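To keep things clear, I will list the structure first and then write my remarks on it.
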Amino acid sequence: MTRKLPPSARRFEPMTGGRLRLPAADRNAGPITDLVAEHGPARGLALELASGAGQHVCHLARRLPDLSWQPSEIAADRRQSIDAHAAHEGLTNIRRAVHLNATVPGWAREHRNQDLIVLVNLLHLVSRQEADILIEEVGRALAPGGTFVLYGPFRRNGILTSPGDERFDADLRATDPEIGYKDDHDVTDMLHANWLNLDHVIEMPANNLAFIARRAR
């Protein structure tokens, strides 16, 4: 499903050669790459959901060269940007971006046995029902023992913990009342309901959280 979002969400800027840039992705790429390098596998198959312009997957592929990275996106211009970024960086462990809507049931059938799945800054932009579908499909797509890294802004025990989060969540819900920040306890329940064992919940910069979960062996 394509949802209307407020201007504060995902402002892509054009670059040369068909590349796009999301400023927030440049700001958080370092901490996210460190997080995945510490908690994810060093080799195998890696799927990034909602890859955006392709900035994160390039950082990850450079840091973790023995992982074969599959980026994915809904929008054609973003898939073009991902491929252009990978070519510009000369990264041969990034496959061509594929069309994948992670909130639609069934995508796991074409992406089975992933050793790592990464999702950054999406759950607050989809409904609770769509989040349930996404995490269920993640559980199906991961190989036994595979790792799921989930990053983004969340409520803590039902509470928004900064004025910036309160404003952004209000903007999201004003645009579409079905979306907005998910609660950390609800996310934990969704993970556990889908064969995923929660290893860590980690405080990240800019008041974000990271959930590290693994598929049961």
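The values are calculated or read from the model by the stated rules, or taken from the named source; none is laboratory data. Computed from a predicted model, the values in this text were never measured in an experiment. Glycine gets a Cβ as well: all are built from the backbone with ideal geometry, and neighbour counts include every protein chain shown. Side chains are part of the model used for accessible areas, which takes the heavy atoms of the whole protein and leaves out ligands, DNA and RNA. Shrake-Rupley method; radii C 1.70, N 1.55, O 1.52, S 1.80 Å.
At-a-glance table
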{"quantity": "Tally of residues being open to solvent by 30 Å² or more (accessible area, probe 1.4 Å), in contact (Cβ under 8 Å) with a residue 60 or more places away in the chain and assigned to a helix (DSSP H, G or I) across segment 88-126", "calculated": "1"}
{"quantity": "Answer from ARG156, ARG167, ARG140 - the residue that is closer than 26 Å to PRO105 by Cα and charged (D, E, K, R)", "calculated": "ARG140"}
{"quantity": "Residues (at negative phi and in contact with a Gly (Cβ under 7 Å, 6 or more places away or on another chain)) located in segment 175-208", "calculated": "ASP183, ASN194, LEU196, ASN208"}
{"quantity": "Elements of type helices (runs of 4 or more DSSP H) contained in segment 127-217, each with 3 or more residues being under 20 Å from GLU38 (Cβ atoms) and of a type in the set (A, V, I, L, M, F, W, C)", "calculated": "none"}
{"quantity": "Subset of segment 147-160 (residues that are within 14 Å of HIS185 (Cβ to Cβ) and either at pLDDT below 95 or not aliphatic (A, V, I, L, M) (or both))", "calculated": "PHE154, ARG155, ARG156, ASN157, GLY158"}
{"quantity": "Residue check, LEU150 within 16 Å of the chain's Cα centre (by Cα) and under 18 Å from PRO31 (Cβ atoms)", "calculated": "yes"}
{"quantity": "Tabulated pairs, segment 199-217, first in contact (Cβ under 8 Å) with a residue 60 or more places away in the chain, second outside any strand (DSSP E or B), C-beta under 6 angstrom, 6+ apart or interchain", "calculated": "MET204/PRO31; PRO205/PRO31; ASN208/PRO153; ALA210/LEU35; ILE212/HIS39; ALA213/LEU191; ARG215/TRP195; ALA216/TRP195"}
{"quantity": "Segment 165-213: number of residues that are under 17 Å from the mean Cα position of the chain (by Cα) and surrounded by fewer than 19 Cβ atoms within 10 Å (Cβ to Cβ)", "calculated": "14"}
{"quantity": "Test: residue in segment 47-54 that is surrounded by fewer than 21 Cβ atoms within 10 Å (Cβ to Cβ), assigned to a loop (DSSP other than H, G, I, E, B) and touching a residue at least 40 places away in the same chain (Cβ under 8 Å)", "calculated": "no"}
